[in-house]
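Worksheet: one structure, shown below.
Laboratory data are not the source of any read-out in this text; all were calculated from the coordinates shown. Everything numeric in this text was worked out from a predicted model, so none of it was measured. Here Cβ is always computed from backbone atoms with ideal geometry, including for glycine, and neighbour counts include all displayed protein chains.
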């Protein structure tokens with residue numbers, strides 16, 4: 001099977017962290033505008049979809065072939081096309097499971113393609129933020145609230161959370177790895193309907209400075 005993947009070097013490295021099967025061939029490109037040269041691909045994976053403003057102008061022409069998009073904030077309904085949503089935030093692609101949302105008709109093909117990348121689909125409802133991104137974003141947000149209240153320093157909060165909860169990273173380390181703009185964007189989207197997701201002012205400030 002031939003895949004064409006729109007990505008940057010960081011996400012490419014993460015996607016390949018578990019290796020790929022011999023029967024999977026991948027063409028790597030850096031922009032969705034290059035997709036017109038890869039019409040023979042069996043499936044498309046756009047890991048820069050969210051980063052580039054949810055641009056589907058080149059992707060929709062591949063339908064009904066499987067089209068995977070890294071879209072944590074926008075749902076399939078909001079995108080308006082039957083793409084396959086994956087959680088491709090920095091750090092999440094390294095896992096052996098991938099959070100995925102798609103129409104029932106695409107599930108078999110989705111599992112097959114993810115299997116070629118040595119990943120298992122973890123099916124999640126078509127909601128903003130999936131599951132793990134919501135949870136991790138709230139942990140980071142609470143850490144910023146604590147910092148605003150002068151509970152402790154960033155380094156001390158990171159150390160306390162790693163030692164006390166066995167998290168792989170402290171919340172501020174996590175925020176840096178994922179990208180504060182990603183965290184702030186998701187929380188802002190979620191807070192429009194659920195006030196408990198209201199992002200901390202300090203988080204918004206630091207995200208705007210990145």
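Structural remarks
- Mean Cα-pair separation over length for the stretch 2-123, i.e. relative contact order, pairs under 8 Å, 6 or more apart, %: 26 percent
- Beta-bridge orientation, the stretch 2-123: approximately 10 percent antiparallel, per DSSP, counting only bridges with both partners inside.
- Which label in [x] 33; [y] 40; [z] 36 gives the computed percent of Cα pairs over 25 Å apart: [y]
- With a Förster radius of 30 Å applied to the C-beta separation of residue 127 and residue 149, the computed FRET efficiency comes to 0.50.
- Estimated FRET transfer efficiency (residue 25, residue 107; beta-carbon r; R0 25 Å; 0.05): 0.60
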